[in-house]
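The values are calculated or read from the model by the stated rules, or taken from the named source; none is laboratory data. Just so it is clear, the structure is predicted and the values come from calculations on it, not from any experiment. Don't worry about glycine lacking a Cβ; one is built from the backbone with ideal geometry, like all the others, and counts go over all protein chains shown. Note: accessible area is taken over every heavy atom of the protein model, side chains too, but ligands, DNA and RNA are not part of it. Shrake-Rupley method; radii C 1.70, N 1.55, O 1.52, S 1.80 Å.
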Amino acid sequence: MPELPEMENYKCLLQEKIQGKQITGVVIQREKSLNLPTEEFVQRVNRQKVLGIDRRAKYLIFHLDNGDHLLLHLMLGGWLFYGNTDEKPKRTVQVQLSFGNQHLYFIGLRLGYLHELSTPQLEVQLQHLGPEPLESNFSLDRFLHLLQTKRGALKTMLLDQEFIAGIGNRYSDEILWHARLLPEKKATELEQEQKVRLFQSIQTVLRQAIQWGGYMDEAFYQGDVQTGGAKNNMNVHDREGEACPRCGNPIVKVEISSRNTFYCHICQK
Ligand SMILES: [Zn+2]
């Protein structure tokens with residue numbers, strides 16, 4: 001599932017491609033991806049200008065000039081492509097937004113969705129989310145304060161969107177490897193120095209992944225060399241049996257909260 005770095009990468013690319021442009025056509029192949037009947041959705045969205053694109057946690061928010069918003073969550077398997085009809089990937093498209101002869105294709109939306117919401121509706125959808133880990137108001141003090149409320153395993157804690165927003169299965173493994181902490185370790189067992197390290201690793205790992213363009217398999221447009229660079233830079237996630245880049249011991253896989261978890265049992269303590 002795309003996490004904070006992948007959605008941040010999409011946000012930046014979308015700002016380049018469609019910010020300020022008018023939607024000239026809407027094609028819906030899968031009504032279940034919407035929160036409204038197709039006809040009503042099209043009526044509300046077509047001819048609107050996209051004023052801006054923001055990210056919150058793993059969501060993207062498209063601001064329309066009628067004051068409403070499109071809320072996108074890609075969930076498992078969803079991705080985006082932008083281009084003309086010749087460049088369109090040979091895949092089923094659930095939703096298509098057109099900008100003249102260029103189109104934004106929403107692909108692989110099975111659990112993922114695109115909802116048309118008023119500002120109050122949007123606020124309700126996002127109100128449960130915890131702080132953004134890369135925003136300046138996410139300070140060490142705030143993190144330490146939040147940590148005091150947590151009792152469970154670090155892996156489970158990092159996945160909790162009400163604790164910190166935007167981290168999923170992949171980057172939680174990478175963050176804990178970077179911080180040299182075991183995923184099963186309890187938040188209550190952390191020493192002060194380990195807490196500080198975890199705070200720093202959250203930011204370092206996420207920032208680096210954004211710079212690499214996240215891990216999405218598919219390019220966002222033809223000739224896109226930015227998207228997907230993080231995929232070959234994973235240290236532990238999905239690397240069971242491979243050598244730990246830090247100490248050389250084989251990486252192990254376990255299940256924590258029914259999520260596959262990868263770590264090094266030698267250099268993570
Ligand atoms: Zn190691």
Practice prompt. Might you check whether a residue that is under 30 Å from LEU80 (Cα atoms), over 22 Å from the mean Cα position of the chain (by Cα), away from the ligand (no atom under 16 Å from the Cβ) and not assigned by TED's automatic domain parsing to the domain that holds GLU16 occurs anywhere in segment 223-238?
Written response: yes
Discussion item. Looking at segment 240-250 only, could you name the residues that are more than 11 Å from the ligand (Cβ to nearest atom) and either touching a residue at least 24 places away in the same chain (Cβ under 8 Å) or in contact with a Phe, Trp or Tyr (Cβ under 9 Å, 6 or more places away or on another chain) (or both)?
Written reply: GLU240
Discussion item. On the basis of being over 16 Å from LEU154 (Cα atoms), away from the ligand (no atom under 16 Å from the Cβ), in contact with a Pro (Cβ under 9 Å, 6 or more places away or on another chain) and among the small types (Gly, Ala, Ser), does ALA209 make the cut?
Written reply: yes
Worksheet item: Could you list, in sequence order, the residues of segment 251-265 that are within 11 Å of the ligand (Cβ to nearest atom) and either under 18 Å from LEU158 (Cα atoms) or open to solvent by 70 Å² or more (accessible area, probe 1.4 Å) (or both)?
Response: TYR263, CYS264, HIS265
Worksheet item: Taking strands (runs of 3 or more DSSP E) that do not extend beyond segment 15-124, which have at least 1 residues that are open to solvent by 60 Å² or more (accessible area, probe 1.4 Å), of a type outside the set (Lys, Arg) and touching a Gly at 6+ places or on another chain (Cβ under 8 Å)?
Response: 50-56
Response to the item:
Residues in segment 163-183 that are more than 16 Å from the ligand (Cβ to nearest atom) and open to solvent by 20 Å² or more (accessible area, probe 1.4 Å) total 2
Practice prompt. Evaluate the following for ALA219: is it part of a helix (DSSP H, G or I) and either aliphatic (A, V, I, L, M) or within 14 Å of the ligand (Cβ to nearest atom) (or both)?
Written response: no
Worksheet item: With respect to LYS186, is the statement that it is in contact with a Ser or Thr (Cβ under 9 Å, 6 or more places away or on another chain), open to solvent by 10 Å² or more (accessible area, probe 1.4 Å) and free of Cβ contacts under 8 Å to residues at least 40 places away in the same chain true?
Response: no
